[in-house]
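Asker: A single structure is presented below for examination.
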Number of protein chains: 2
Amino acid sequence: MERVTGKYYIETPYKLEKAAQVLAGEQSSGTFVAVPGETEELKARFAARVEKITHLETVKEPAIPGATSKTGEYHRASIEVSWSVENFGYNLPVLVSTLQGNLYEITQFTGLKLMDIELPASYSEHFKGPQFGIEGCRQLTSVQDRPLIGTIIKPSIGMTPEQTAELVKTLAEAGIDFIKDDELLSASANSSFEDRVDAIMRVINAHADKTGKKVMYAFNLSDEVDSMLRRYEYILNAGGTCAMVSLNSVGLSGVKKICDQRELAIHGHRNGWGMLNRHPLLGIEFPAYQKLWRLAGVDQIHVNGIQNKFWESDDSVVRSIEACLTPLDNGTTVLPVVSSGQWGGQAFETYRRTQTTDLLYMAGGGIMAHPDGPTGGVVALQQAWKGAVDGLTLEQAASTYPEFNNSVKKFGGK
Amino acid sequence: MERVTGKYYIETPYKLEKAAQVLAGEQSSGTFVAVPGETEELKARFAARVEKITHLETVKEPAIPGATSKTGEYHRASIEVSWSVENFGYNLPVLVSTLQGNLYEITQFTGLKLMDIELPASYSEHFKGPQFGIEGCRQLTSVQDRPLIGTIIKPSIGMTPEQTAELVKTLAEAGIDFIKDDELLSASANSSFEDRVDAIMRVINAHADKTGKKVMYAFNLSDEVDSMLRRYEYILNAGGTCAMVSLNSVGLSGVKKICDQRELAIHGHRNGWGMLNRHPLLGIEFPAYQKLWRLAGVDQIHVNGIQNKFWESDDSVVRSIEACLTPLDNGTTVLPVVSSGQWGGQAFETYRRTQTTDLLYMAGGGIMAHPDGPTGGVVALQQAWKGAVDGLTLEQAASTYPEFNNSVKKFGGK
């Protein structure tokens, strides 16, 4: 029978074997006292199995509060635990409760992080995955052979639909591929969702009629299920191609329902991610996280960016991009959304480390605050990526391309 | 204009005022470079406001990775930040993205936890809250003046519907008020959801016909939205009174959709909670967390238990119970579900510290593994609570009540 495997990074004051068995018991057929119904037959079929334990190091201080070590030692290890698909079937929330449920509360652990998930082939057959993904988003925006260049409407909140549409017009004329609402804005007192869609799609459709290029705008429809479905239809009827959801705020079932409509590309925003990931020994790592959202059908997912303004390391960003570009068994990938403090200078290191242009590369201030205006900002980003792919250094690209040179002068000193 | 206030516990190597302003800027109209549209008028209406900063202590080591302190000092403080309701309206996911979004990734913080949320009166007018809550659950189970006594089907997974129904029959005859699926079980290979509902409700309905008492069974319907709605109808048609959802796994929008049906009591399981809460300076505290789920309409929510088998302190459990019993502006409360390693001995300390019987008190092994069988187990729990409310000590209750005395002998040595 097919099995799902969770790979964890753990810390425990107990013997590793014992701690791993507690996890497997708590997350399947065991409880704190023996109960009559727990037969050998039942255990053979439904008990979680500890597959592998690799001791990594032993430390003197616990990472997070839990049981106190009598010897003063806390053991860190990679462990792998597997469950039969018979336990939960093709049910993502129950899969999550199995892989990421009560186990974080077990006192025997002083650290526990879900690092990756191995899914059987049938799982990614059952879940179709993204409807658009990388190729679909390229087709919708008419962009090949370079990253999609995107931006976020700033200020995040407070502009009227008309002001936003004016900005969208400027950005469309500047040659932008993608624009998104900020996650803080869905419907504010001076920008109702419908009015914003109307005003923006009027501009985008007119631009597409004139140029043949339709800018992809990710409208943030995050809300209750019924409202999200109404808003989805509204975007579709207005000629839009994309909707944004805040993954953690809406949750897995709501996001899946939206993705299942399969007519708009779904931009998955991971705000709140730091809460799940920032501690090295608590929560979940991105390789595991992104798999769940890909099964739900998200087409684009945020990965932060090289030399970002947040706390995350470049190594972690690179691992995240690689995870998105690794196909599931159903052959699907997901478009990594690179953002946070990006202005083009990071294109060189991003390309050097990932060797891909299958990215949605987002810059906010890097476009809007460009010395030559937004057109200069968009052109500079295209130049930066062309330079990076052609093997130029940042300095060589700056001396080749005047708009990018102006980016370097304005933003390069940071 | 009404405002929502988030109360945070933070740690930062920067000046507290500066760090708080970064949070307020990131979570409303600011970004990392000045942008043209950020007018004074816009800021006055939509910018988040730092309302209060209370320095608590200064430490030498950061709690979680972030910016390095040049002075070697990291300042801990309580801060309060407020947003106008005009920013997000009555939209729970966007409220969450505002209160718990990118702010966890800000490098200027080396610790950040959302401790509580203050909501304006109109918020709890708009959101009706739980349909049943404490009074409704008491009516559905015919229990007054003592905690509802509940149990979890164990083994968590692997029993057939017939075996489960057999156990439910035993428990119903033993006088149990409430039974729940484990969060690991929704539909397994040998226990389809519908077959389980059929088998169990046959027993529960027959028992109700005979005795007038309907045991409340929380069927775990956690799944995709459409499946949850189908299962909800299935429970309702079978005469059930309750459904269980795994809050974190299903997510806010999916849970709200289920609660909005308002015909079954909704049992909110918080598995995965440790990931959000276990670090003292990362994530969210229960007083904030439970408010969001109460707005969504959950009737019952897990709070762990005194002297539990998990890592959580008794102080934290007591705070959680108090939070559930504090009415929102709309007058609603939510029934706290006490569980984890409970056998009745903890009734005394639980009552001493909370002075309430408005609880769903869950015991697993404490009932099933009782020396006198499940009937003894249920009776012993009722005795423990009667003793606690009457002001007896555990020892006095044990010498008064023979079934509880047997609990003490079997479980009291732990």
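The values are calculated or read from the model by the stated rules, or taken from the named source; none is laboratory data. Every value quoted in this text rests on a predicted model; they were computed, and no experiment measured them. Note: ideal-geometry Cβ built from the backbone for every residue, glycine included; neighbour counts use all protein chains shown. The area values use the complete protein model at the heavy-atom level, side chains included, leaving out ligands, DNA and RNA. Shrake-Rupley method; radii C 1.70, N 1.55, O 1.52, S 1.80 Å.
Asker: Test each condition in (1) within 9 Å of chain A (Cβ to nearest Cβ); (2) closer than 29 Å to A:VAL245 by Cβ; (3) among the acidic types (Asp, Glu) for B:GLU41 and report the one that comes out false.
Answerer: Among (1) within 9 Å of chain A (Cβ to nearest Cβ); (2) closer than 29 Å to A:VAL245 by Cβ; (3) among the acidic types (Asp, Glu), B:GLU41 violates only (2).
Asker: Any chance you could count how many residues in segment A:218-242 are open to solvent by 60 Å² or more (accessible area, probe 1.4 Å) and either farther than 16 Å from A:ARG262 by Cα or in a strand (DSSP E or B) (or both)?
Answerer: Of the residues in segment A:218-242, the ones open to solvent by 60 Å² or more (accessible area, probe 1.4 Å) are A:226, A:230, A:233-234, A:237.
Add one more test, that the residue is either farther than 16 Å from A:ARG262 by Cα or in a strand (DSSP E or B) (or both), and what stays is A:226.
Adding up the residues that qualify gives 1.
Asker: Additional query: Which residues, counting only those in segment A:1-40, are at pLDDT below 95, among the charged types (D, E, K, R) and over 13 Å from A:LEU103 (Cα atoms)?
Answerer: A:GLU38, A:GLU40
Asker: Restricting to segment A:100-109, what's the tally of residues that are polar (S, T, N, Q) and not in a loop (DSSP other than H, G, I, E, B)?
Answerer: Residues of segment A:100-109 that are polar (S, T, N, Q), as a first pass: A:100, A:102, A:107-108.
Among the residues that remain, those that are also not in a loop (DSSP other than H, G, I, E, B) are: A:100, A:102.
Of the residues in that region, 2 qualify.
Asker: Does segment A:323-330 contain any residue that is open to solvent by 40 Å² or more (accessible area, probe 1.4 Å), touching a Gly at 6+ places or on another chain (Cβ under 7 Å) and under 30 Å from A:SER122 (Cα atoms)?
Answerer: So the first thing to find is which residues in segment A:323-330 are open to solvent by 40 Å² or more (accessible area, probe 1.4 Å), and the list is A:325-327, A:329-330.
This time we only want the ones that are touching a Gly at 6+ places or on another chain (Cβ under 7 Å), so: A:330.
Narrowing further to those that are under 30 Å from A:SER122 (Cα atoms): A:330.
The answer is yes, given that some residue of segment A:323-330 is open to solvent by 40 Å² or more (accessible area, probe 1.4 Å), touching a Gly at 6+ places or on another chain (Cβ under 7 Å) and under 30 Å from A:SER122 (Cα atoms).
Asker: Looking at (1) of a type in the set (Asp, Glu); (2) in contact (Cβ under 8 Å) with a residue 60 or more places away in the chain; (3) over 26 Å from B:THR356 (Cα atoms), which one does B:GLU162 not meet, given that it meets all the others?
Answerer: (2) is the only condition that B:GLU162 fails.
Asker: Here is a list of conditions, (1) touching a residue at least 12 places away in the same chain (Cβ under 8 Å); (2) within 14 Å of another protein chain (Cβ to nearest Cβ), and B:ASN91 meets all of them except one; can you say which number that is?
Answerer: Looking at each condition in turn, B:ASN91 falls short on (1).
Asker: Among the listed residues B:VAL298, B:VAL303, which satisfies the condition of being more than 30 Å from B:ALA63 (Cβ to Cβ), touching a strand residue (DSSP E or B) at 6+ places or on another chain (Cβ under 8 Å) and either open to solvent by less than 30 Å² (accessible area, probe 1.4 Å) or in the same structural domain as B:LEU171 (by TED's automatic domain parsing) (or both)?
Answerer: Values: B:VAL303 fails: more than 30 Å from B:ALA63 (Cβ to Cβ).
Exactly one of B:VAL298, B:VAL303 is more than 30 Å from B:ALA63 (Cβ to Cβ), touching a strand residue (DSSP E or B) at 6+ places or on another chain (Cβ under 8 Å) and either open to solvent by less than 30 Å² (accessible area, probe 1.4 Å) or in the same structural domain as B:LEU171 (by TED's automatic domain parsing) (or both), namely B:VAL298.
Asker: For segment A:374-406, give me the residue count where each residue is aromatic (Phe, Trp, Tyr) and assigned to a helix (DSSP H, G or I).
Answerer: Residues meeting the conditions: 2.
Asker: Ok, one more. Would you kindly identify the strands (runs of 3 or more DSSP E) lying entirely within segment B:1-84 that contain at least 3 residues that are among the charged types (D, E, K, R) and more than 23 Å from A:SER339 (Cβ to Cβ)?
Answerer: Result: B:3-12, B:49-59.
Asker: Select, from A:ASN205, A:ASN271, A:ASN248, the only residue that is outside any helix (DSSP H, G or I), at negative phi and not basic (Lys, Arg).
Answerer: A:ASN271
Asker: Is it true that some residue in segment B:144-157 is under 22 Å from B:HIS269 (Cβ atoms) and outside the structural domain of B:GLY297 (by TED's automatic domain parsing)? Explain how you work it out, then say what you get.
Answerer: Going residue by residue through segment B:144-157, those that are under 22 Å from B:HIS269 (Cβ atoms) are B:147-157.
Okay, now just the ones that are also outside the structural domain of B:GLY297 (by TED's automatic domain parsing), so none.
Scanning segment B:144-157 turns up no residue that is under 22 Å from B:HIS269 (Cβ atoms) and outside the structural domain of B:GLY297 (by TED's automatic domain parsing).
Asker: Can you find even one residue in segment A:170-177 that is open to solvent by 60 Å² or more (accessible area, probe 1.4 Å) and either in contact with a Lys or Arg (Cβ under 8 Å, 6 or more places away or on another chain) or not aliphatic (A, V, I, L, M) (or both)? Please lay out each step first, then the result.
Answerer: Of all residues in segment A:170-177, those open to solvent by 60 Å² or more (accessible area, probe 1.4 Å) come to A:173.
Okay, now just the ones that are also either in contact with a Lys or Arg (Cβ under 8 Å, 6 or more places away or on another chain) or not aliphatic (A, V, I, L, M) (or both), so A:173.
Within segment A:170-177 (the criterion being open to solvent by 60 Å² or more (accessible area, probe 1.4 Å) and either in contact with a Lys or Arg (Cβ under 8 Å, 6 or more places away or on another chain) or not aliphatic (A, V, I, L, M) (or both)), the answer is yes, since at least one residue qualifies.
Asker: Determine whether segment A:60-68 contains at least one residue that is open to solvent by less than 10 Å² (accessible area, probe 1.4 Å), in contact with a strand residue (DSSP E or B) (Cβ under 9 Å, 6 or more places away or on another chain), within 13 Å of chain B (Cβ to nearest Cβ) and touching a residue at least 40 places away in the same chain (Cβ under 8 Å).
Answerer: Yes, segment A:60-68 contains at least one residue that is open to solvent by less than 10 Å² (accessible area, probe 1.4 Å), in contact with a strand residue (DSSP E or B) (Cβ under 9 Å, 6 or more places away or on another chain), within 13 Å of chain B (Cβ to nearest Cβ) and touching a residue at least 40 places away in the same chain (Cβ under 8 Å).
Asker: Looking at B:ILE266 and the list (1) among the β-branched types (Val, Ile, Thr); (2) part of a helix (DSSP H, G or I); (3) more than 8 Å from chain A (Cβ to nearest Cβ), which single condition is not satisfied?
Answerer: (2)
Asker: For segment A:278-305, name all the residues that are of a type in the set (Lys, Arg) and free of Cβ contacts under 8 Å to residues at least 60 places away in the same chain. Talk me through it step by step, then tell me what you get.
Answerer: So in segment A:278-305, the residues of a type in the set (Lys, Arg) come out as A:278, A:291, A:294.
A:ARG278 - this is the single residue of segment A:278-305 that is of a type in the set (Lys, Arg) and free of Cβ contacts under 8 Å to residues at least 60 places away in the same chain.
Asker: Which of (1) at pLDDT below 95; (2) buried (at least 24 other Cβ atoms within 10 Å of the Cβ); (3) among the polar types (S, T, N, Q) is the odd one out, the single condition B:GLN346 does not satisfy?
Answerer: (1)
Asker: Given the condition buried (at least 24 other Cβ atoms within 10 Å of the Cβ), touching a Phe, Trp or Tyr at 6+ places or on another chain (Cβ under 6 Å) and closer than 21 Å to B:VAL96 by Cβ, answer yes or no: does some residue in segment B:262-269 qualify? So that I can check it myself, show each step before the final result.
Answerer: First pass over segment B:262-269, keeping only residues buried (at least 24 other Cβ atoms within 10 Å of the Cβ): B:264-269.
After this cut, where a residue has to be touching a Phe, Trp or Tyr at 6+ places or on another chain (Cβ under 6 Å) as well, the list is B:265, B:268.
Add one more test, that the residue is closer than 21 Å to B:VAL96 by Cβ, and what stays is B:268.
Checked segment B:262-269: at least one residue is buried (at least 24 other Cβ atoms within 10 Å of the Cβ), touching a Phe, Trp or Tyr at 6+ places or on another chain (Cβ under 6 Å) and closer than 21 Å to B:VAL96 by Cβ.
Asker: Next question, about the same structure. Need at least 1 residues that are within 12 Å of another protein chain (Cβ to nearest Cβ), in contact with a helix residue (DSSP H, G or I) (Cβ under 9 Å, 6 or more places away or on another chain) and closer than 27 Å to A:GLY412 by Cα per element, so show me which helices (runs of 4 or more DSSP H) inside segment A:288-372 make the cut, counting only ones lying wholly within it. Step through it out loud before you land on a result.
Answerer: Numbers: elements: A:314-325, A:347-354, A:365-368.
Output list reads A:314-325, A:365-368.
Asker: Return the residues of segment B:98-116 that are more than 8 Å from chain A (Cβ to nearest Cβ) and under 19 Å from the mean Cα position of the chain (by Cα); say none if nothing qualifies.
Answerer: B:LEU99, B:LYS113, B:LEU114, B:MET115, B:ASP116
Asker: Here is a follow-up. B:VAL215 is checked against (1) within 13 Å of chain A (Cβ to nearest Cβ); (2) modelled with pLDDT of 95 or more; (3) open to solvent by less than 10 Å² (accessible area, probe 1.4 Å) and fails just one. What number does that condition carry?
Answerer: Going through the list (1) within 13 Å of chain A (Cβ to nearest Cβ); (2) modelled with pLDDT of 95 or more; (3) open to solvent by less than 10 Å² (accessible area, probe 1.4 Å), B:VAL215 breaks only (1).
Asker: Could you count how many residues in segment B:168-192 are of a type outside the set (Gly, Ala, Ser), facing another protein chain (nearest Cβ under 10 Å) and over 24 Å from the mean Cα position of the chain (by Cα)?
Answerer: Just the residues of segment B:168-192 that are of a type outside the set (Gly, Ala, Ser), to begin with: B:168-171, B:173, B:176-185, B:190.
Okay, now just the ones that are also facing another protein chain (nearest Cβ under 10 Å), so B:182-185, B:190.
Next, only the ones that are over 24 Å from the mean Cα position of the chain (by Cα) stay: B:190.
Going through segment B:168-192 one residue at a time, the tally reaches 1.
Asker: Out of the residues in segment A:272-287 that are under 14 Å from the mean Cα position of the chain (by Cα) and over 15 Å from B:LEU112 (Cα atoms), which is farthest from the other protein chains (Cβ to nearest Cβ)?
Answerer: A:PRO287
Asker: Out of B:PRO336, B:PRO402, I need the residue that is open to solvent by less than 10 Å² (accessible area, probe 1.4 Å), without any contact (Cβ under 8 Å) to a residue 60 or more places away in the chain and assigned by TED's automatic domain parsing to the domain that holds B:THR151. Which one? Outline the logic, then answer.
Answerer: Numbers: B:PRO402 fails: open to solvent by less than 10 Å² (accessible area, probe 1.4 Å).
Matching residue, one of B:PRO336, B:PRO402: B:PRO336.
Asker: Now a separate question. For residues in segment A:69-78 being hydroxyl-bearing (Ser, Thr, Tyr) and open to solvent by 40 Å² or more (accessible area, probe 1.4 Å), which is nearest to B:MET275 (Cα to Cα)?
Answerer: At the first step, the residues of segment A:69-78 found to be hydroxyl-bearing (Ser, Thr, Tyr) are A:69, A:71, A:74, A:78.
After this cut, where a residue has to be open to solvent by 40 Å² or more (accessible area, probe 1.4 Å) as well, the list is A:71, A:78.
Details: A:THR71: 26, A:SER78: 18 Å.
The residue in question is A:SER78.
Asker: Here's another thing I want to ask about it. Could we say that A:GLU183 is among the charged types (D, E, K, R), in contact (Cβ under 8 Å) with a residue 40 or more places away in the chain, buried (at least 24 other Cβ atoms within 10 Å of the Cβ) and assigned by TED's automatic domain parsing to the domain that holds A:ALA380 here? Explain how you work it out, then say what you get.
Answerer: Working: among the charged types (D, E, K, R): yes; in contact (Cβ under 8 Å) with a residue 40 or more places away in the chain: yes; buried (at least 24 other Cβ atoms within 10 Å of the Cβ): yes; assigned by TED's automatic domain parsing to the domain that holds A:ALA380: yes.
Against the criterion (among the charged types (D, E, K, R), in contact (Cβ under 8 Å) with a residue 40 or more places away in the chain, buried (at least 24 other Cβ atoms within 10 Å of the Cβ) and assigned by TED's automatic domain parsing to the domain that holds A:ALA380), A:GLU183 qualifies.
Asker: A:SER97 - would you say it is in a helix (DSSP H, G or I), hydroxyl-bearing (Ser, Thr, Tyr) and surrounded by fewer than 18 Cβ atoms within 10 Å (Cβ to Cβ)? Talk me through it step by step, then tell me what you get.
Answerer: Details: in a helix (DSSP H, G or I): yes; hydroxyl-bearing (Ser, Thr, Tyr): yes; surrounded by fewer than 18 Cβ atoms within 10 Å (Cβ to Cβ): no.
When the stated conditions are applied, A:SER97 does not pass them.
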